[in-house]
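Enquirer: Pasting a structure below so you can have a look.
Every read-out reported here was derived from the displayed coordinates using simple, explicitly stated rules and does not represent laboratory data. From a predicted model like this one, the values you see are computed outputs, not experimental measurements. When we count neighbours, we look across all protein chains shown, and the Cβ atoms used for this are built from the backbone with ideal geometry, even at glycine.
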Amino acid sequence: MQLGKKNILKVLRKVDFGYYLDAEEYDSVLLPKRYAPENLQENDEIEVFIYLDSEDRIIATTETPLAEVGECAYLKAKEVNKYGAYLDWGLPKDLFVPYREQKMRMSAGKQYWVYLYIDQDTDRIAASAKIDKFLDRYNPPYSEGDEVSIQIHSKTDLGTKVIVDNLYWGIIYNNETFANLTIGETRIAYIKKIREDLKLDISLSKSGYQNKISDIETNILNALEAHNGFLPLHDKSSSDDIKEQLSMSKKSFKMAIGGLYKAGKISIEENGIRLK
């Protein structure tokens, strides 16, 4: 059983206030009755998240936190006192950030990027805003074109800084960002290049011309279906209008509608494109 993560555990016995689950070296852990599904029986297996309650007892819940140990998350501070900050991570007991793990003094009501870990001194789940020391610890095991999960971290002069698979830093350059990216958002993306400094260049589209155009064509068809089969966009539309409505460049739009027209999927009219 892993603290701070989801586990699949077997039900040992039922009691009036819940169920005891087999927690291996921890003996057993309580799943309170309010979190248990109906008709849960002995020897059933159930997926639960394991954490410490307000009295530092190991406890199980079927609620899903906003992040697990080993993950990064963009969380809001609920309270700050002389011991540190307490973040809302979706569970009854707030997530603690010691002062020594804050890059700057946190303030209630603001959101911060943190990395969740097990404090070796207390064996408690904690969070650190000094996420640099947890990332880029190994050589990236990727190849160009690999699919990855990214979290939108911040905007810079070069582009959008992202966290890749909770392990590495990456960047999406400004001239390749044709989507509205929100801080804290999670997306699927692709490895474009592994640089000499082991940082990652990231693309929101699959590498390769055909894959890229295929994705763009799919986005256009989806947009047409969502707007009753017609979009007031054509090759004379402004780049800003195309980017605002479809989150893509005018060059990509023109290439994609040319392919869709040849494939007989759309018609090009004076005032826009129409789904056939």
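Enquirer: Please identify every one of the GluC sites (Glu not before Pro) in region 1-73 that sits in a loop by DSSP and has no more than 10 other beta carbons within 10 Å of its own beta carbon.
Expert: Loop-located and lightly packed - Glu38, Glu55.
Enquirer: Something else now. Nearest-5 percent of antiparallel DSSP beta bridges in the chain?
Expert: Restricted to the chain, the bridges split so that about 95 percent are antiparallel.
Enquirer: Let me ask something else about it. Treating each Cα of the chain as an identical point scatterer and ignoring solvent, apply the Debye formula and state log10 I(q)/I(0) at q = 0.08, 0.11 Å⁻¹.
Expert: -0.50, -0.81
Enquirer: Further question: Amide H neighbours of Leu233 under 5 Å, counting only residues 5+ apart in sequence or on other chains, H built in-plane at 1.01 Å?
Expert: Ile273
Enquirer: Right, something else. Please turn the phi angles of region 152-165 into ³J(HN,Hα) values with the Karplus equation 6.51 cos²θ - 1.76 cosθ + 1.60 (θ = phi - 60°), one per residue in order, whole Hz, x for glycine and proline.
Expert: So the J values, rounded to whole Hz, are 6, 8, 6, 9, 10, 5, 7, x, 9, 7, 10, 9, 9, 6.
Enquirer: Using 10 Å bins from zero, what percent of all Cα-Cα pairs in region 72-133 falls into each bin?
Expert: With 10 Å bins starting at 0, P(r) equals 25, 62, 13.
Enquirer: What are the extents of the Cα atoms of region 124-276 along their three principal axes, in Å, largest first?
Expert: Answer, in whole Å and largest first: 61, 29, 27 Å.
Enquirer: Diagonalise the Cα gyration tensor of region 6-61 and give the resulting equivalent ellipsoid semi-axes, square root of 5 times each eigenvalue, largest first, whole Å.
Expert: Working through the eigenvalues yields semi-axes of 16, 13, 10 Å.
Enquirer: Something else about it: Give me Ser249, Ser239 sorted ascending by neighbouring Cβ count inside 10 Å, so fewest comes first.
Expert: Going from least to most buried by this count: Ser239, Ser249.
Enquirer: Which distance in Å, rounded to a whole number, links the C-alpha centroids of region 219-276 and region 21-89?
Expert: Result: 47 Å between the Cα centres.
Enquirer: From the square roots a ≥ b ≥ c of the eigenvalues of the alpha-carbon gyration tensor of region 209-275, which class results: rounded (a/c under 1.5), prolate (a/b over b/c), or oblate?
Expert: rounded
Enquirer: Among 192-198, 80-86, how do they line up by average Cβ neighbours within 10 Å per residue, starting with the highest?
Expert: Output ranking for 192-198, 80-86: 80-86, 192-198.
Enquirer: Now a separate question. Amide H to amide H under 5 Å from Arg124: which residues, 5+ apart in sequence or cross-chain, H placed 1.01 Å off N in plane?
Expert: Asp119
Enquirer: Here's something else I'd like to know. Between the DSSP loop rule and a limit of at most 14 other Cβ atoms within 10 Å, which GluC sites (Glu not before Pro) in region 90-175 are left?
Expert: For GluC sites (Glu not before Pro) across region 90-175 that sit outside H, G, I, E and B with at most 14 neighbouring Cβ atoms in 10 Å, the list reads Glu144.
Enquirer: Apply the Karplus curve 6.51 cos²θ - 1.76 cosθ + 1.60, θ = phi - 60°, to the phi angles in region 258-265 and return the couplings in whole Hz, x for Gly and Pro.
Expert: x, x, 5, 5, 5, 7, x, 8
Enquirer: Still on this structure, please answer the following. Is region 84-176 best put as rounded, prolate or oblate by its Cα gyration tensor, with a ≥ b ≥ c the root eigenvalues, rounded for a/c under 1.5, and otherwise prolate when a/b is larger than b/c, oblate when not?
Expert: Prolate, since a/c reaches 1.5 and a/b exceeds b/c.
Enquirer: Given the DSSP H assignment, sum -39500 (n - 2.57) over each helix run of at least 4 residues in the chain and divide by its residue total; what's the result at 222 nm in deg cm²/dmol, nearest 500?
Expert: Mean residue ellipticity, 222 nm, calculated: -4500 deg cm²/dmol.
Enquirer: Further question on the same structure: What is the local net charge at Gln120, summed over the other residues whose Cβ is closer than 15 Å to its Cβ (Lys, Arg +1; Asp, Glu -1)?
Expert: Within the 15 Å Cβ shell, the charges total -1.
Enquirer: Counting only other residues whose beta carbon sits under 11 Å from that of Ile150, what net charge do I get with K and R as +1, D and E as -1?
Expert: -1
Enquirer: Could you work out the relative contact order of region 6-61, using alpha carbon pairs under 8 angstrom and six or more residues apart, expressed as a whole percent?
Expert: The normalised contact order for region 6-61 reaches 37 percent.
Enquirer: Please state the relative contact order of the chain as a whole percent: Cα pairs under 8 Å, 6+ residues apart?
Expert: 10
Enquirer: Shifting gears a bit: Within straight cross-link reach of Lys254, meaning Cα distance under 22 Å, which lysines are found once same-chain residues fewer than 8 apart are removed?
Expert: Lys206, Lys212, Lys236, Lys243, Lys262, Lys265, Lys276
Enquirer: To continue, here is another question. In the neighborhood of Glu63, defined by Cβ-to-Cβ distances under 15 Å, what is the net charge if each Lys or Arg adds +1 and each Asp or Glu adds -1?
Expert: Cβ neighbours under 15 Å give a net charge of 0.
Enquirer: Something else: Give the angle, between 0 and 90 degrees and rounded to the nearest 10, that separates the Cα long axis of helix 209-226 from the longest principal axis of the Cα atoms of the chain.
Expert: 90
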